[in-house]
Amino acid sequence: MKILVIGLEGATPELLLEDERLTNFRCLMENGCYGRLESVIPYTTVPAWMCMATSQDPGALGVYGLCNRIDYSYGDWRAVTSHSIQGLAIWDQVMGAGKQVLLSGVPPSYPPWQVQGACIGCYMTPNIRQRIYTHPPSLQQEIAALVGEYPVDVESSCTAKQDWLKEAVYAMSSKHFAVLRHLLQQATWEYCQCVEIGLDRLQHGFWKFHDTQHVLYEAGNPYQEVIRDYYLYLDNELGNIFDVLDDETAVLVLSGHGAQRLNGGFCINEWLMQQGLLVLNTYPHKITPYSQLDVNWDKTKVWSTGGPCPQVFFNVKGREPRGTIAPADYEKVRDDVKAMLEATVDEQGHPLGSSVCRPEEIYRTVNHVAPDLFVNLGGLAWRALDSVGYATIHVQANDIGADDCPDTPFGSFILAAPHSPISGEVAGVHLLDMAPTLLALGGYEPLSAMQGQSLLARLPLDTAAPGDRAADEEALMRERLRGLGYIA
C-alpha cells in the first residue's frame, strides 16, 4: 500500500473540517477518520513537521524553533537545517524496506534530504537561483521544464500589499501542485509527503479581514473571503490529486498547527525591564530588536527572544559566561518568574490568562540548549515582541510586519486508507501519533524512539473492519500489529 501525506500548514479544524463546500476533503472524511490534531510546544512549523515524521517531541530532537542556542553564550544561535535533525523519520523506515520515497517542502529540507527517491527543498532554502534545492540535483532541470522557476516560498507574508500576496501565493501553490502531480505519476514511490506552505502565508496576511472577532476587522472589506476561497482552491487541488492515485493508496491530510486572531503585541523585554530582571547599559532611542540591545549581563537575570510562543532564558552562574542567578536559587527564581508571567494583564488591567511551562514538564528528555521557560500569552492571542523602545508594554503592532494570525496548538487531520478499521471523528489525537499510525497501516515495523501511539492501538480487539473484510483477516491483521509492537 502506498502512503501519501499532504501537509497543509495552518489548516484549522473550524475551516477545514466544518465547511461542507469542501467536497473532496469531505469525501476523505466520509471514507476514513478525522479530527483536531494537537501539536507540540512550541506550536511552530519548525520543529512540528519533523516531530510528526519522527514521532519525537522537540526535547528529544533538541530543536526548539527556527533558530536555537548552540551553547550558553549570549550570541551563538544557529538556524535549523536538515542536518540538525538526528532522529529517524518515517521515510527512513520505508527506505529501510528497500522502497523509494518522495518528499516536497517538508521543513527543514535544506539541504535537501539524500533519500532513495526524490526530495524538493522547503521554504528554508536560502536562494533557489544559487543553491541546489533538490535531490537528485537533476530534478531541478525537470521541474524548470515543467513549471519554470519554482518558488519554495513567497517573498513575504508579513506585508500590507494584499493583492500582491494573494497573487503570489496562488502562483506558488499552483506550481507546487503541478510538480507534485507530475512526480506522483512519473516517479517510483511508496511513501510521499509534501507540505504546502501557501495556506499558512495567506492566513498570516489576511486573518484580520476574515475573522469578524478580530480587533482590526472591518465589515464589508474586499478581502473577507480570501482565506475561505483558498480552502476551496485546495479542495480542487486535492480532487486533481485523486485523479492520479490508485485505490490502494492511503491518504493523510494534516497540519502542524492551527491559526487564530491576534489581539496585539506584548513587549516582553520591556516588561522584564520593569520587573528589574533585564538591565540595559543604554536604553535605545528607537525601537530595537533584542539582538541589537546593549545588555548589562552583570545585572541581568532573565531575557526573551519573543515570538508567538516566546522562549525565556535565565542568566545562571557557572552556566552563562556572566551569570547572576546562583544555581541554588535557580528553581525559586524560575518559579517566581513563572508566577509573574502568568499574572500578566492587558491594557485594562484584566488578566491575560497566560500559561508558562518548563521544558522538563512537557518533554520526555531535554537535549541541547533548551529555553528555561515557554510562555503562552493570553491563549496565544498576544505575540511577545522582543524589541525594546516602544515605551509601553501593550502595542497594536507586530515586530515582524503585518501579521494578525499566530500559530496555535490544534491543527487538523483527515486519514483514509484501504481496509482501515478507523472511521469517523476521533478525539484526543496528537501530532506524534501520525507516524506510528501510518507505519502500522503500511505494515512497517515501528521506530524504536517513537513517542506517539498508533490509532490502531485504540481499537477494541473485537472491532471488525468495514466493508468485505472477513473476521479471520481482521484477526491476522491484529496479530501482525501485535508482533510489530503496535497493540498489546
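Key figures
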quantity: Under the Karplus curve 6.51 cos²θ - 1.76 cosθ + 1.60, θ = phi - 60°, whole-Hz ³J(HN,Hα) for the stretch 410-424, x wherever Gly or Pro sits; calculated: 10, x, 9, 8, 9, 10, 10, 9, x, 6, 6, x, 9, 8, x
quantity: Farthest toward positive dipole pole in the stretch 264-395 [+1 Lys/Arg, -1 Asp/Glu at C-beta], among Pro321, Ala384, Val279; calculated: Pro321
quantity: Over the chain: helical MRE at 222 nm, DSSP H runs n ≥ 4 each giving -39500 (n - 2.57), nearest 500; calculated: -8500 deg cm²/dmol
quantity: Percent of beta bridges antiparallel (DSSP, the stretch 264-395, rounded to nearest 5); calculated: 70
quantity: Among Gln311, Gly349, Leu439 - extreme Cα towards positive end, dipole of the chain, charges at beta-carbon; calculated: Gln311
quantity: Inter-centroid distance (Cα atoms) of the stretch 213-268 relative to the stretch 344-392, Å; calculated: 26
quantity: Between 0 and 90°, nearest 10: helix 45-54 axis offset from the chain longest Cα axis; calculated: 40
quantity: Proxy reagent accessibility, fewest Cβ within 10 Å first, across Arg129, Arg364, Arg319; calculated: Arg129, Arg364, Arg319
quantity: Cut-off under 5 Å, modelled amide H: who pairs with Val295 long-range; calculated: Asn281
quantity: ³J(HN,Hα) computed for each position of the stretch 316-331 - Karplus, 6.51 cos²θ - 1.76 cosθ + 1.60, integer Hz, glycine/proline x; calculated: 9, 4, x, 10, 7, x, 10, x, 10, 9, 5, x, 5, 9, 4, 5
quantity: Cα-centre dipole for the stretch 264-395 with unit charges at Cβ (Lys and Arg positive, Asp and Glu negative), debye to 20; calculated: 260
quantity: Only Lys, Arg (+1) and Asp, Glu (-1) charged, at Cβ; the chain dipole about Cα centre in debye; calculated: 1200
quantity: Top positive-direction residue, dipole computed over the chain with Cβ charges, set Leu234, Ala178, Leu373; calculated: Leu373
quantity: Per-residue Cβ neighbour rank within 10 angstrom, fewest leading, Met273, Met1; calculated: Met1, Met273
quantity: Assigned charges on the beta-carbon of Lys, Arg, Asp, Glu; the stretch 193-322 dipole about Cα centre (debye); calculated: 1360
quantity: In order through the stretch 71-80: 3J(HN,Hα) via Karplus (6.51 cos²θ - 1.76 cosθ + 1.60), integer Hz, x for Gly, Pro; calculated: 8, 8, 6, 8, x, 8, 10, 9, 5, 6
quantity: Mean separation of Cα contacts under 8 Å (6+ apart) over length of the stretch 357-407, as relative contact order %; calculated: 29
quantity: Under-5 Å amide H pairs with Ala397, H placed in peptide plane, nonlocal only; calculated: Gly265
quantity: Packing-based exposure ordering (other Cβ within 10 Å, fewest first) of Phe313, Phe25; calculated: Phe313, Phe25
quantity: Gain on full stretching of the segment that runs from Ala397 to Asp163 - 0.36 nm per residue minus C-alpha separation; calculated: 82.1 nm
quantity: Span from the the stretch 8-81 Cα centroid across to the the stretch 144-192 one, whole angstrom; calculated: 20
quantity: Restraint check, Lys208/Lys338; Lys2/Lys175; Lys208/Lys301; Lys286/Lys338, Cα-Cα greater than 25 Å; calculated: Lys208/Lys338; Lys208/Lys301; Lys286/Lys338
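Only the coordinates and a few stated rules stand behind these numbers; no lab work does. Please read all numbers here as calculations on a predicted model, not as lab measurements. Don't worry about glycine lacking a Cβ; one is built from the backbone with ideal geometry, like all the others, and counts go over all protein chains shown.
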